[in-house]
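The values are calculated or read from the model by the stated rules, or taken from the named source; none is laboratory data. Every value quoted in this text rests on a predicted model; they were computed, and no experiment measured them. Positions of Cβ are generated from backbone atoms using ideal geometry, with glycine treated the same way; all protein chains shown enter the neighbour counts. We work out accessible area using only protein heavy atoms, side chains counted, and drop any ligands, DNA or RNA first. Shrake-Rupley method; radii C 1.70, N 1.55, O 1.52, S 1.80 Å.
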Amino acid sequence: MPIALPLLDPKLQQLIYIKTNIAGWFFDAYIRTDHTSKLKITDNPVQTGASISDHSYLEPVELSIEIGMSDSASSTVEGQFSDGWSRSSSAYKILRELQSLRVPLQILTRLGVYKNMVVESISVPDDYKTLNGLRASVIFKEVIIAQVQTVTLSARPNVTGQ
């Protein structure tokens, strides 16, 4: 069952573009965020000499976020992280569900807005230090979406009479 967010809630709309969040989910702490943007420069061998570079393109953006959740804190948005036996287990469940849905998300950080991001991996240690909380490392990757357009080349049929 997909997790529904009350995106029409005025309190949530006020926060969504000013406070770091993942698809409208406001976690307690964002311990570290790594922003990675790479330019791929193509190399082609030539008959004599070194390879030449004649083209470049941007690779999908990667975003790595380390999230912290506490079972003793209260949520920034009322009702978030309240469907599990603890806030930390609910937060983990939400991260896993965002990954399994495979739907492009919007992520807001201090350095920018990232659109069309999907959860590539989630890493969560579970030990005595995280007994009453959660510390998760989540890696997001941009999904490049192509725009398709249909063009009519000719009004004449493509098949001849022969």
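The set of residues in segment 57-94 that are open to solvent by less than 40 Å² (accessible area, probe 1.4 Å), among the β-branched types (Val, Ile, Thr) and farther than 30 Å from Ala146 by Cβ comprises Ile67, Val77.
Only one of the listed residues (Ile67, Ile94) is assigned to a strand (DSSP E or B) and either touching a Gly at 6+ places or on another chain (Cβ under 7 Å) or modelled with pLDDT of 90 or more (or both). That residue is Ile67.
Across segment 121-148, the number of residues qualifying as free of Cβ contacts under 8 Å to residues at least 40 places away in the same chain, out of contact with any Leu (no Cβ under 7 Å at 6 or more places or on another chain) and either surrounded by 15 or more Cβ atoms within 10 Å (Cβ to Cβ) or assigned to a strand (DSSP E or B) (or both) comes to 2.
Of all residues in segment 97-113, those satisfying the criterion of being open to solvent by 40 Å² or more (accessible area, probe 1.4 Å) and outside any helix (DSSP H, G or I) are Arg102, Val103, Pro104, Gln106, Arg110, Leu111, Val113.
Under the condition of being assigned to a loop (DSSP other than H, G, I, E, B), open to solvent by 90 Å² or more (accessible area, probe 1.4 Å) and over 24 Å from Val113 (Cβ atoms), the residues counted in segment 36-56 number 3.
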